[in-house]
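Any read-out appearing in this document is the output of simple, stated calculations on the displayed coordinates, not a laboratory observation. Since the structure is predicted, the reported quantities are computational estimates derived from the model, not experimental observations. Glycine gets a Cβ as well: all are built from the backbone with ideal geometry, and neighbour counts include every protein chain shown.
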Amino acid sequence: MPMDLDSQAAQAAAMPDGDPGPEPPTAQPAPASTSGHAASTAPPPLTYTTHFSKPAPTGTGKNRRDPFIILLIAFMLLMSVQNLHFSAFWKMISVWLFAHTAQHGVYTVLSRFGFSTSYTSVLKFMHALSKSAQSKLRDIARLQLGQRDTIHNRTAVTFVELEDCDPKKAFDPEPLWRVHQEKRRAQLTCKTLHHRIDHAKLNSWLALHCLLFLTTLAAHCMQHGHKTQFHPMASSNFNERNTAENAKVLHDLIIMQLGLPEEEVAQVLTIVAGDQSTIEKLCTLKKFLASCPHGYSNYGWVLPLIQLWHMGWSDLERIINMHWGSEVNDVSSFCSTNVIMGRNVKNIKRPDYYPAQHLVFDTLKVEILDCWRKLFREKDLDQYFTSNPMAIEDLLKHAQTLLERYCSTAAYTQALYPDQSLGEFFGAGKPWTQHDGGKQSVVEGDQYAVADGDIGRAMNVMAVWVFTFAGSG
């Protein structure tokens, strides 16, 4: 009897992979019929090897699914029953459900039937896939960079060109060295510092600031078409907070990057600006190496100066710290103003620069407007100036009156001690005049001076800062 198809399939399945097995017996020709017709030949046998060697069926309709895929799924299901660690099929179905945002109940039902994992398990699996992808990307980055992508120290420097000056005279270090040898600093007194303040010009500037509520636009005072030339340099991995490494920072920038010889550098004064901490480290470096006989190595060619931006930041910290107050109910304090205006400024060391600046400037403008209302005894300033237009000369006179009445030290003292005369309060001695009495705040002076390019006004504000910083702790 010829072997049927089921017997052939069972025999083929029992054989190992790659072994086609014994050739099935061929069908014997049937005996001739009595009618004399020729006997028909039987069809060739069908095996799994023959089936899988054929191309997959295409098209639509009643075409069969690939039996290999069906057997593979059945195999994975049976393996997951025998071994719980064999969860490839569960994870595959779970990821597919997650990608299609299936509901939580679908995971519950299919996990009970053994078709997928639970929702919690698929989340853990997705997190594991994410960490694996991150790890692979991190390994690729390490291979490309050859080091960890972490910057422990960095010093960024920008060189700025000074214009409108004679470089030979402006950068001549001899006058500075001569003053150091004469020890002129020991002769510096409080009276000398006080005389450096031009009170007449300072009062006129502050009076002009009292008129800023009238307009927010003004003619630009800087040169037309003028643009400061600056050159950003490559960052170095030296720590500027360390005194010894400041020398390495300067050597890297001037000798290595600019390519200047040490002999030439020692003959030119170099202004190095930064924050207070950096300037302190540079001054300490110069003090330690002042006895070095070599011109470059004693760093006498370095002139450390604190940048105006860092000075303004320190001034903001001083103003907020001194006038913050302790209670929110105190409407004269920044603590109350911060809440009323809905700001998020904190009374800490080095507060965020621009939020603190906006709080101080907005508070100053509101108080100046209130002073103008009291000066003219009007509630609506817009209506008042509409019906009473004034020339700029008259406005400046009123601004000077407002400054002396509400913004001077004498007015501040008289408001606190109305029953005592100024002479009794300050005791015997030379009475303070309007020009001698310092103002309560020059908060906007440095901002507008720098924006207008008026270095003279900025230097006058810095002369006032000598006393405000010293008295603020």
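Which GluC sites (Glu not before Pro) in the stretch 258-326 pass both tests, a DSSP loop state and at most 16 other beta-carbon atoms within 10 Å? Display every interim value, and only then the final one.
On the way: sites: Glu262, Glu263, Glu264, Glu280, Glu317; in loops: none.
Those that pass, being in a loop and sparsely packed, number zero.
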Which lysines have a Cα less than 17 Å from the Cα of Lys191, not counting those fewer than 8 places away in the same chain?
-> Lys430
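Given 0.36 nm per residue, what is the gain on full extension from Ser332 to Lys54 after removing their alpha carbon distance, in nm? Each step should come with its number before you reach the end.
Values: separation 278, 0.36 × 278 = 100.08 nm, distance 9.13 nm.
Length gained, Ser332 through Lys54: 91.0 nm.
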Filtered hits (lysines, Cα-Cα < 30 Å from Lys124, offset >= 8 within chain) -> Lys91, Lys136
Treat each spin label as a single point 7 Å out from the Cα along the C-beta direction, and report the Met76 to Lys346 distance in nm.
-> 5.2
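Say R0 is 56 Å: what FRET efficiency, to the nearest 0.05, do Asp198 and Ala234 get from their beta-carbon distance?
Result of the calculation: an efficiency of 0.85.
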With respect to the cross-link table entries Lys168/Lys227; Lys168/Lys287; Lys169/Lys248; Lys374/Lys397, which display a Cα-Cα separation exceeding 18 Å?
-> Lys168/Lys227; Lys168/Lys287; Lys169/Lys248
